[in-house]
Amino acid sequence: MLDELIFLDMVNEHMGTDLSTADLDRPLVNIDDWDSLNAVRMMTQLERSFGIRVPIARFIEATSLRQIYALIGSIVPA
């Protein structure tokens with residue numbers, strides 16, 4: 001199972017942010033520098049890191065980091 005802190009570390013490293021577990025439910029549009037380009041870059045990084053394929057349609061439907069975390073967690077092998 002994917003750990004929240006590992007997920008957040010990856011997001012923070014990619015985005016140059018300092019988000020905490022309290023930010024998992026914050027709407028993506030309220031995260032500094034969150035845009036479609038950074039979202040695709042992050043998705044690609046998650047795919048590489050975990051050796052998975054993320055369904056783009058499900059990824060772009062996410063409105064919070066918690067939803068992205070849940071999506072990635074449902075794909076990463078246990």
How much of the accessible area of the chain, in percent, comes from carbon and sulfur atoms when a 1.4 Å probe is used?
-> 52
Roughly how many nanometres apart are two label points built 7 Å out from the Cα toward the Cβ at residue 78 and residue 35?
-> 4.1
Divide by every residue of the chain the summed helix terms, -39500 (n - 2.57) for each DSSP H run of at least 4, and state the resulting mean residue ellipticity at 222 nm, rounded to the nearest 500 deg cm²/dmol.
-> -17000 deg cm²/dmol
Write down the accessible area per residue of the chain in Å², having rolled a 1.4 Å probe over the full set of protein chains.
-> 61
Kirkwood Rh, Cα Rg: Rg to Rh for the chain?
-> 0.91
What dipole magnitude, in Debye to the nearest 20, does the chain give about its Cα centre under +1 on Lys/Arg Cβ and -1 on Asp/Glu Cβ?
-> 380
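The values are calculated or read from the model by the stated rules, or taken from the named source; none is laboratory data. Note that this is a predicted model, so its numbers are computed, not measured. Backbone-built Cβ (ideal geometry, glycine too); neighbour counts: all protein chains shown. Just the protein is used for accessible areas: all its heavy atoms, side chains included, with ligands, DNA and RNA removed. Shrake-Rupley method; radii C 1.70, N 1.55, O 1.52, S 1.80 Å.
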